[in-house]
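Structure record follows, encoded as structure tokens.
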Amino acid sequence: ARLFTQSLYRVGSGVGSSYAANTLGAILGAFAGGFIFIPLVGVQNSIIIAALVNLVVGWFLVVADPGLSRAPRLALAGLVLAAVILVPWKMPRWDRYVLTSGVTIYSDRYEKLPTRSLRLEEMRRDEILYYREGLTVTISVHRVGKDYLYFRSNGKIDGSYGDSLSQLMTGYIPLLLRPDAKRVAVIGLGTGMTAGAVGAFPVEKIEVLEIEPAVSAVASFFADRNGKILEDPRVRLVATDGRNYILAARGLYDVVASEPSNPWIAGIANLYTREFYEVVKSKLKDDGVFAQWFHNYSMSPDDFRMVFRTFGEAFPHVSVWAMKESDFLLIGSKTEHAFRYPLLKKVFSENSALRKDFEGLGLSDVYAVLGFYRMGRKELLRFGEGADLNTDDGAQLEFSAPRNVGRATTELNQALMEPFIVDAPWLDSDSVPRRMRHYYLAQAHDLNGWYSRALEEVEQAIRLDRSNPDFYLLKAKILLAEDKSSEAAEAALAALQLSPKTAKAVLAMSQEFYLTEAKGIYAKIIALGSREVLPYLGLGNIALHGGDLAEAERWFEKARSLGA
């Protein structure tokens, strides 16, 4: 301001003008950086451009001095020109693998590696298929091996093939509770699987609310899992803040499904407050349903219980569903919601997309969804009794959640929750034979990692029907997950004895058996007359492992003859 003011008589005007110019420049600079340069050329190039602009402006101010002779002006011009050319050319490019490695979230993964080269190797292990520096976050899609995909948001994994169960069920469960829904809002696009699950039902309008525009490209990489949902004419993708959009939306929704990122991320915790739940409740139809994804990993018991209590206080009718062992779905509604199996069985039989996704997950029937049920409102409020309420004013979760990032709290929260777990109130159904009820529930418990309960259910199914080979296959799968190879082999052999057609299913899990059990299974499959190559290769490898080269060669030769 002092440099700009040439006369004390105009000091007010000079100071005001200089501050106005500074304010305008700050506004335009922030706008240009965030909305023009970063989306178009990236963060690093934006910094380089800003530095060069400052350099050129500085040079201009210097050479504008009339007292400066020609020689210094030309020398300065040469230096500035050299900098303009050399800085972008010689500046080392930022390593995208390092930028997307998520060191703030996964620091323990890198800290245990003793050298910098090993840490860099770990960061660069998976191929980057897509990288975009967006308005709010940096988005990247990665591939492991040939066909496993996941995507990161500022380095944190926010969706993957491995999360298919949680992502699909966040869309499927509320729609199964409200199968005639017409208007649905989905907060958060991610891989698009949740929106894809919603799109499997005959809804008329799906509003997908995603605050970061760069995420829209992610869904195309997961098109085989989301059914190319963004190409569906019923879908409207809106780049906006989901909470404010719902608040301002006209009309009411049949279903709102919210699957944001973790609440320790800045701004996310306001999707877990009492006031947000009240907003959603006001935008639901009388028989509408709200689904809220939540997790128990890296969450203190106080924070975990706080979210449950806050949700339970907001909705008069509530149910809790567990998908993966650490992922939960909170369902809230103004009127009682119910799982009507006779109706849903018809829906399931007529919906090929729904059946395909369930089959891919390992679920034979829509009844299996009841195996994900954990609590009603009464149990939820008892579990959350004494916990704080998460409010907009208090913002407790936003400040407390980051303190627990990286803490191993899953087992602790599971143990605290276990006394309050109850069976779904809709288990009894004349439409499902008792043996099949147990089998379907065992599938669900196996899928979400509750192996002890899964084993109980499948053994109940076997007691009621000892002639169904599928029951023994599932039992073998569950026992393998519990590292009980010998008992799993007995179940697998029982399945083979009942039906040689189970050979392919048994071979699919054969790599998980110990060598002794695997040898017996391979021999049994060959004795049944199977023409599969794998059991011969398996016996050859086992012989090779034991040092019997002649035996190994004999089995490999038989495998070769079959392959020919």
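Just so you know, all these numbers are worked out from the coordinates, no wet-lab data involved. Note that the structure is a prediction, hence the values are computed from the model and not measured. Cβ coordinates were reconstructed from backbone atoms using ideal geometry, including for glycine residues, and neighbour counts include every protein chain displayed.
Listed values, structure above:
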{"item": "Ordering of 288-300, 234-246, 530-542 by burial proxy (mean other Cβ atoms within 10 Å per residue, highest first)", "result": "288-300, 530-542, 234-246"}
{"item": "Under 20 Å from LYS112, Cα to Cα: aspartates and glutamates that are on another chain or at least 8 residues apart", "result": "GLU121, GLU122, ASP126"}
{"item": "Percent of Cα-Cα distances greater than 20 Å, calculated over the stretch 8-90", "result": "54"}
{"item": "Ranked packing of 427-433, 519-525, most packed first, by mean Cβ within 10 Å", "result": "519-525, 427-433"}
{"item": "TYR161-GLU551 FRET efficiency (beta carbon distance; Förster radius 41 Å; 0.05 resolution)", "result": "0.60"}
{"item": "Residues of type aspartates and glutamates that LYS524 reaches as a straight line, Cα spacing below 13 Å, ignoring anything fewer than 8 places off in the same chain", "result": "GLU490, GLU532"}
{"item": "Value of relative contact order over the chain, rounded to a whole percent, pairs C-alpha under 8 Å and six or more apart", "result": "8"}
{"item": "Using alpha carbons only: equivalent-ellipsoid semi-axes of the stretch 434-532, gyration tensor based, whole Å", "result": "22, 15, 10"}
{"item": "Too-long pairs where the Cα-Cα distance tops 23 Å, listed order kept, from LYS519/LYS558; LYS228/LYS504; LYS283/LYS356; LYS477/LYS501", "result": "LYS228/LYS504; LYS283/LYS356"}
{"item": "Nearest-ten-degree value, helix 469-481 long axis tilted from longest Cα axis of the chain", "result": "50"}
{"item": "Reciprocal of mean inverse Cα separation for the stretch 248-399 (Kirkwood radius, Å)", "result": "16.5"}
{"item": "Cα-based radius of gyration of the stretch 158-420 once divided by 2.2 N^0.38 Å, which approximates compact folds", "result": "0.93"}
{"item": "The chain - convex hull of alpha carbons, volume per residue in Å³", "result": "228"}
